[in-house]
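Take this structure first; my questions come after.
The values are calculated or read from the model by the stated rules, or taken from the named source; none is laboratory data. Computed from a predicted model, the values in this text were never measured in an experiment. Cβ coordinates were reconstructed from backbone atoms using ideal geometry, including for glycine residues, and neighbour counts include every protein chain displayed. Note: accessible area is taken over every heavy atom of the protein model, side chains too, but ligands, DNA and RNA are not part of it. Shrake-Rupley method; radii C 1.70, N 1.55, O 1.52, S 1.80 Å.
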Amino acid sequence: MDPTTSSTYIYGRSVADDQLGDWDLLPSVSAGALRQEVCSKDQGAEEKGKFKSRLVSAWNSMKYGWPLKQKSKFNKISPLIMLGKTYNLKDDGDKERFRRTFASFLWLTYRRGFPQLPGSSLTTDSGWGCVLRTGQMLLAQGLLIHLMPPGWTWSVRYCAVKDDLDLLHPADGAEGGWMAEEGGGNKRVRKLSVGSLLDRPMEATHRRVVSWFADNPVAPFGIHKLVELGKSSGKKAGDWYGPSIVAHILKKAVAASLDLPNLVVYVAQDCTVYLQDVRGLCERPLPHCWKSVIVLVPVRLGGQELNPSYISCVKKLLMLQCCIGIIGGKPKHSLFFVGFQDDQLLYLDPHYCQPTVNIRKDNFALESFHCKNPRKMSFSRMDPSCTIGFYAKGPSEFECMCAAVNEAVSTSAETYPMFIFSEEKQRDMEEEMIPHTHNLAYIQRDNELNDEENNSMDEFVLI
């Protein structure tokens, strides 16, 4: 199959093919490319590991990127909620705003062909790194909000053309990359060059944020750095990383970064946000200003399955503008949740394996870091283990965030709160320790079975 003629070809397809009802699940790969990867000749012991990595990558690409006929269908009557914003898909303006906002999320997926990970011969995270990737996506969303102006969207569509990038179909005037040339009464419209785009501060910042998540050892939030930081939690490359451990790894990564002196990450302990501890991280003596904060709350919303009583709380949290997403998914299958419509969660899927991008190359391609195709799944399939993220820029925003989140998680009379806020200071300051699950209680559904298989209850405080 030629991907350029497939109805699911994403990055080079025409605008006519880009209709709301035809949104696809994920970019596809051609059968010929898969056969070529799988049938690569083994050239010695060193090549065996690379061949195995390519084989795993091809399998994941086929498994998660192959369903050509499946499409995400959206209800044009029901509102669509995405991280605090509401979209009415009957309205063409709202529909376009939704497209642009969703396409602006950083889509961080499995990659192959990067330098070997610390302490291993692995050159891909395919098959085991999905929670690290969804953690990267949540952090990336927090960084975009932190560094970009309010309402920023990636309004330029790129298409690879030979050795350069061409600018196609800008969404609006100057912001879309079009400029009017002066000259008399008549003005000609021309495309801005890629060099001109890079001169724009917002596009330069966008590229810089993308480079922080590159798949190389020096990137502060790349897969190599996260695996290295995971060693203190007893994890290594190839292991399964849970949402709670990833939250602590992200905290360490931001603390170690020299690029973000005005941002901290706080991880809630035992389903409790200790406000004095958060303020202690953020407050600085004058004339320095308050540090912005990303608050990560690992929770477990049930036993082996999601307790449906918490669905309304999850919806309320996704309706808050301070929410930056949820590291969640299906059992052993992590997804990045960013919104919902009716009883369907909206998410980005990290399981499509893509080649590593060399971000040191001038004008490196950006299209593989953005996804234009939203996917949905039922709330009932959501794994109860998740980590919820919030962002507050300053002290007033932090107080507003606490009030709004506390109201959202405390309104259900059928369940205990998902988590709580405490004015006290945490007694045990060993924040890097992952909580154990012994002597902990959770709400058990009447029909819940004690199934030992596919147990994802490790490392979580159960509520």
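How far is it, in nm, from the label point at residue 342 to the one at residue 73 when both lie 7 Å from their Cα along the line to the Cβ?
0.8
While we're here: Ordered by residue, what ³J(HN,Hα) values in Hz, to whole numbers, does segment 277-292 give under the Karplus form 6.51 cos²θ - 1.76 cosθ + 1.60, where θ = phi - 60° and Gly and Pro are x?
Each residue of segment 277-292 in turn: 5, 5, 4, x, 6, 8, 6, 9, x, 4, x, 5, 8, 4, 7, 5 Hz.
At a probe size of 1.4 Å, how large is the accessible area of residue 252, to the nearest 10 Å²?
For residue 252, solvent-accessible area is about 40 Å².
Going by a ≥ b ≥ c, the root eigenvalues of the Cα gyration tensor, does segment 239-383 fall in the rounded group (a/c under 1.5), the prolate group (a/b larger than b/c) or the oblate group?
It comes out oblate by the Cα gyration axes.
With respect to the cross-link table entries 85/393; 225/252; 231/425, which display a Cα-Cα separation exceeding 20 Å?
231/425
Something else: R0 = 51 Å: FRET efficiency of residue 420 with residue 92, Cβ-based, nearest 0.05?
E(calc), rounded to 0.05, equals 0.75.
Here's a follow-up. Give a residue-ordered list of calculated ³J(HN,Hα) values for segment 259-264 (Karplus: 6.51 cos²θ - 1.76 cosθ + 1.60, θ = phi - 60°; whole Hz; x for Gly, Pro).
My calculation for segment 259-264 gives 8, 10, x, 9, 9, 10 Hz in order.
Under a Cβ-only charge scheme (Lys and Arg +1, Asp and Glu -1), can you give me the dipole magnitude of segment 268-404 about the Cα centre, in debye to the nearest 20? Before the final figure, lay out each step's value.
Values: 15 positive and 12 negative charges, 55 e Å.
In debye, rounded to 20, segment 268-404 gives about 260.
Still on this model: Express the accessible area of segment 208-294 per residue in Å², computed with a 1.4 Å probe while the remaining protein chains stay in the model.
Normalised by residue count, the accessible surface of segment 208-294 is 37 Å².
Of all the accessible heavy-atom surface of segment 238-344, with the other protein chains kept in place and a 1.4 Å probe, what percent is carbon and sulfur? List each step's numbers first, then the result.
Numbers: 1880 of 3460 Å².
Carbon and sulfur atoms account for 55 percent of the accessible area of segment 238-344.
Inverting the mean 1/r over all pairs of different Cα atoms, compute the Kirkwood radius of segment 265-317 and quote it in Å. Spell out each step's value before the answer.
Working: mean 1/r = 0.0747 Å⁻¹.
13.4 Å is the Kirkwood radius here.
Next question. With every protein chain in place, what's the accessible area of residue 208 (1.4 Å probe, Å², nearest 10)?
100
Under the rule a/c < 1.5 gives rounded, and otherwise a/b versus b/c splits prolate from oblate, where does segment 307-406 land using the Cα gyration tensor? Show your work: numbers first, answer last.
On the way: a/c = 2.54, a/b = 1.32, b/c = 1.92.
In terms of gyration-tensor shape, oblate.
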